[in-house]
Structure formats: C-alpha cells, structure tokens
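The values are calculated or read from the model by the stated rules, or taken from the named source; none is laboratory data. For clarity, every value in this text was computed on a predicted model and none was experimentally measured. Cβ placement follows ideal geometry from the backbone for every residue including glycine, while neighbour counts extend to all protein chains displayed. Just so you know, the surface numbers come from the protein's heavy atoms only, side chains and all, with ligands and any DNA or RNA stripped out. Shrake-Rupley method; radii C 1.70, N 1.55, O 1.52, S 1.80 Å.
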Amino acid sequence: MDRTSIYDELSRVERDVVAGERQLAEQERLVLDLKREGQNTSGAERELERLRDAQRLRDQDRQRLLSRLQT
C-alpha cells in the first residue's frame with residue numbers, strides 16, 4: 001500500500017472513529033437515562049459493549065495505519 005492509499009484509509013478510519021465516539025456517547029446517555037427511569041438496561045448495556053468493542057477495533061486500525069506511515 002502506498003502512502004497516498006494509507007492516508008486515504010487513515011482519513012476514512014478517523015471519520016469512523018469520530019462517528020463511533022458519538023455513538024458511544026449517545027448509548028452511554030441512553031443507559032444512564034434508562035437507569036434513572038428505573039428501566040431494564042441489559043439490552044442497552046449489551047449494545048454499549050458492542051460499540052466499545054467496535055471502537056477498540058477502529059482505534060487499533062488507526063494505530064496500525066499510523067505505524068505504517070512512520071516506516
């Protein structure tokens with residue numbers, strides 16, 4: 001992969017990371033709202049964990065691309 005392709009992919013991943021952070025914040029807010037209302041949070045908490053896992057993968061992908069640019 002040439003540097004231009006890496007930068008293009010990094011740009012896409014960065015957008016995904018930002019969108020993922022937004023999703024995480026919204027889901028965390030949902031869990032808190034459900035708790036405050038005394039409702040069942042198990043489904044919302046499962047989704048929150050899924051979003052956290054996906055975000056970890058995006059972060060790893062970003063780090064991999066950044067490392068490739070340093071070589």
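See the values below:
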quantity: Considering residues of region 27-38 that are part of a helix (DSSP H, G or I) and open to solvent by 100 Å² or more (accessible area, probe 1.4 Å) only, the residue nearest to ARG15 (Cα to Cα); calculated: ARG29
quantity: Checking ASP61 against (1) at pLDDT 95 or above; (2) of a type in the set (D, E, K, R); (3) open to solvent by 50 Å² or more (accessible area, probe 1.4 Å), the condition it does not meet; calculated: (3)
quantity: Checking GLY43 against (1) open to solvent by 50 Å² or more (accessible area, probe 1.4 Å); (2) assigned to a helix (DSSP H, G or I), the condition it does not meet; calculated: (1)
quantity: Residues of region 1-26 that turn out to be of a type in the set (A, V, I, L, M, F, W, C), part of a helix (DSSP H, G or I) and either touching a helix residue (DSSP H, G or I) at 6+ places or on another chain (Cβ under 8 Å) or in contact (Cβ under 8 Å) with a residue 40 or more places away in the chain (or both), as a count; calculated: 5
quantity: Conditions (1) surrounded by 14 or more Cβ atoms within 10 Å (Cβ to Cβ); (2) at pLDDT below 95; (3) not hydroxyl-bearing (Ser, Thr, Tyr); number of the one not met by ASP2; calculated: (1)
quantity: Neighbours by Cβ (under 8 Å, 6+ apart or cross-chain): first from region 39-65, more than 15 Å from ARG15 (Cα to Cα); second of a type outside the set (Asp, Glu) and exposed (fewer than 14 other Cβ atoms within 10 Å of the Cβ); calculated: THR41/LYS35
